[in-house]
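Enquirer: The structure follows.
What follows is calculated from the coordinates using simple rules that are stated; it is not laboratory data. All values reported here derive from a predicted model rather than from experimental measurement. Methodologically, a virtual Cβ is constructed for each residue, glycine included, from the backbone with ideal geometry; neighbour enumeration extends over all protein chains shown.
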Amino acid sequence: MSEHDRVSRAELHQAIVCARCGSDRVRTRLETDRFEHRDGERATPLDVEIPVRACLRCGFEFTDATAEEKRHEAVCRHLGVLTPREILSLRQRYRLSRADFVRLTRIGEASLARWEGGLVIQNGSIDQLLYLMSFPENIDRLKYRQHRDPLTVEPSPVSRSAADFARVAPRFRALQATSERRTEAEKFTLLVAREA
């Protein structure tokens, strides 16, 4: 079991109310939960440490959202994708609201909310994009592409600055449509080689 699968002290000692009787006299113990992650026909057993709550008043035992988050994170690690906490942390690192992040990446806001909330797991290609966004220079690139104005791009604290990207010449330039070019284009004929 990895360090990520361990329950933090804060999660262990948060105020819990019994789901059956409403008592706040709830004790928490940690248990290793083995569950199966299904991917089509294949099932993979995963182990994760979860908090199990036990009411001292009525004896009812239950798990809560913390246990579900731990299971979800274990599946994300098994699949090799970012966890909901990591996605949220990525967005917060750059001080981007959800709407700002959506404008920058063109990812749907509802999808982002579902990934951050742990309702669904992002696919591999989106996860690759999210991973690349963990590098500040890629955020700069997206901002530059979005605004096309190097003065609006905040410089990255790492390696390249926005000014570096402003100095890069465009790879292609458009030709002006003049009457001379139109005349040349009309004369052009593509010759096709014939087989002998």
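Enquirer: Below 14 angstrom from the Cβ of GLU61, what's the summed charge of the other residues (Lys, Arg +1; Asp, Glu -1)?
Expert: Surrounding charge for GLU61 is +3.
Enquirer: Could you list ASP39, ASP127 so that the one with the fewest beta carbons within 10 Å of its beta carbon is first and the one with the most is last?
Expert: Fewest-to-most Cβ neighbours within 10 Å comes out as ASP39, ASP127.
Enquirer: Sort largest first and round to whole Å: the equivalent ellipsoid semi-axes of segment 25-141, each the square root of five times a Cα gyration tensor eigenvalue. Can you show the working numbers first?
Expert: Values: eigenvalues 212, 65, 25 Å².
That gives 33, 18, 11 Å for the three semi-axes.
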